[in-house]
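The values are calculated or read from the model by the stated rules, or taken from the named source; none is laboratory data. Just so you know, these numbers come straight off a predicted model, no measurement behind them. No Cβ is skipped: glycine too gets one built from the backbone with ideal geometry, and neighbour counts run over all protein chains shown.
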Amino acid sequence: MSDEAHEPKPPVDPKGRAAPGFERHVFICTNEREAGNVRGCCLHRGGGAVRDRFKAGLAERKLGGRIRPNAAGCLDFCEFGPVVVVYPEGVWYRILDLERDVDEIIERHLVGGEVVERCLLRM
Ligand code: FES
């Protein structure tokens, strides 16, 4: 008997995809630190609302299967939070205005492929 006969069948993807991966990942820091921590944290600066708005905005546009918004742990740019990074481009954003910034990043970058200069994390 061959080894193949003993290998388990791969699971079936309930979404019908033939290959793993997404066109883009949006990692949104939702890390929380204790109150008074010198670096602060994205969650206390609105990271949860940023995540929720990306998720809702992408779902509304039916882009969830192509572009994946993921809550992330600390991305190590805490002082600039809430921070977001879009891959595969590796573009970092600092969200200062929840609705305006997230909506513009979705429309111009995630849909249109254009970096939103105004929202870039600058150091
Ligand atoms: S807590 Fe968000 S980058 Fe560190």
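What single numbered condition from (1) of a type in the set (A, V, I, L, M, F, W, C); (2) part of a helix (DSSP H, G or I); (3) under 21 Å from Arg122 (Cβ atoms) fails to hold for Val84?
(2)
Return the total of residues in the stretch 49-59 being in contact with a helix residue (DSSP H, G or I) (Cβ under 9 Å, 6 or more places away or on another chain) and within 16 Å of the ligand (Cβ to nearest atom). Don't jump to the end; show me each part of the working.
Going residue by residue through the stretch 49-59, those that are in contact with a helix residue (DSSP H, G or I) (Cβ under 9 Å, 6 or more places away or on another chain) are 49-50, 53-54, 57-58.
Filter once more, keeping what is within 16 Å of the ligand (Cβ to nearest atom): 49-50, 54.
Matching residues across the stretch 49-59 total 3.
Just to be sure I understand the filter: pairs with C-beta atoms under 9 Å, separated by 6 or more residues or on different chains, first member in the stretch 8-23 and over 25 Å from Gly112 (Cβ atoms), second member loosely packed, with under 10 Cβ neighbours inside 10 Å. Which pairs pass?
So the pair list comes out as Asp13/Pro20.
Just checking, does the stretch 21-29 include any residue being assigned to a loop (DSSP other than H, G, I, E, B) and buried (at least 18 other Cβ atoms within 10 Å of the Cβ)? Spell out how you get there, then give the answer.
To start, the set of residues in the stretch 21-29 that are assigned to a loop (DSSP other than H, G, I, E, B) comprises 21-23.
Next, from what is left, pick out any that are buried (at least 18 other Cβ atoms within 10 Å of the Cβ): none.
No, there is no match, as no residue in the stretch 21-29 is assigned to a loop (DSSP other than H, G, I, E, B) and buried (at least 18 other Cβ atoms within 10 Å of the Cβ).
Scan the stretch 60-81 for residues that are of a type in the set (Gly, Ala, Ser), within 11 Å of the ligand (Cβ to nearest atom) and either modelled with pLDDT under 95 or outside any strand (DSSP E or B) (or both) and report the count.
Count: 2.
Report yes if Ala35 is of a type in the set (Gly, Ala, Ser) and farther than 22 Å from Cys119 by Cα, otherwise no. Give the derivation first.
Numbers: of a type in the set (Gly, Ala, Ser): yes; farther than 22 Å from Cys119 by Cα: yes.
Against the criterion (of a type in the set (Gly, Ala, Ser) and farther than 22 Å from Cys119 by Cα), Ala35 qualifies.
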